[in-house]
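Coordinate-derived values only; no laboratory data. Here the structure is a predicted model, which is why all the values come from computation and not from measurement. As a convention, Cβ positions derive from the backbone with ideal geometry for all residues, glycine included, and neighbour counts pool all protein chains shown.
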Amino acid sequence: MANLAAASLTIAELREFASFSACEQRYIKRSLDVGLGRQDAFKLWSRDAEESASIRSQYVAYQELKVLRCAIPDETGLDGVEDFMGKLIRVTAFDLAQGSLGCFSSYRFLYERLLGPEVRPWLPSAFCGAAALPRIHPSRRKMLLQSISEAAATAPGWSSRAPSFYPEWVDKEAA
């Protein structure tokens, strides 16, 4: 029975990923390669000089992930919140400014995998804080902030279940 439940949740993750645009899917896979150190993102994802520069910047921005993984505060207290949220908003702002994540769902999907399930309570506030920054163009800011549902913004609790589906590059020639 437990295997069936796990399989159902994995299928739900697959479906959610499939619902994202091709641009969001590509960015999530690239970001997981950069943030989890899975592959050489330059070799795999860089199509031109602009994308190489973006990947280089992403490697720099994602250096914060190591610290963030170890510093997720208790959701009921305030100890460590200032330092944690400042870093999380800064990395989130980097990702949102890249223009590839178009909604809260794709952001949440990525960050649950980059930082683990313990980060879930902090994602709505980090997303809203980063999306509201002046660095984000006003029309994009509006679109991003409207993408977070009331349910996501006001959730009374969060699952502690780790994600099971981590999308990866698929070589079209080998497929």
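Listing for the model above:
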quantity: Structure-based [θ]222 nm, the chain - -39500 (n - 2.57) summed over DSSP H runs of at least 4, per residue, nearest 500; calculated: -19000 deg cm²/dmol
quantity: Shape call, the stretch 10-113: gyration tensor on alpha carbons, a/c limit 1.5; calculated: oblate
quantity: Rounded Å value of the spacing that divides the Cα centres of the stretch 109-175 and the stretch 1-75; calculated: 11
quantity: Point-to-point label distance, R38-E168, nm (Cα→Cβ direction, 7 Å offset); calculated: 0.7
quantity: Compactness of the stretch 99-175 - radius of gyration and Dmax, Cα, Å; calculated: 14.6, 46
quantity: Calculated FRET value between S19 and D79, using beta carbons and R₀ = 41 Å, to 0.05; calculated: 0.65
quantity: Reachable aspartates and glutamates from K29, criterion Cα separation under 17 angstrom, eight or more residues apart if same chain; calculated: E13, E16, D40, E51, D95, E112, E168, D171
quantity: Prolate/oblate/rounded label for the stretch 54-157 (Cα gyration tensor, a/c 1.5); calculated: oblate
quantity: Net lengthening on full extension, Y59/A151 (0.36 nm per residue, minus Cα-Cα); calculated: 29.9 nm
quantity: Volume per residue of the C-alpha convex hull in the chain, rounded to whole Å³; calculated: 136
quantity: Rounded FRET efficiency, nearest 0.05, which uses the C-beta distance separating C128 from S52 and R0 of 30 Å; calculated: 0.45
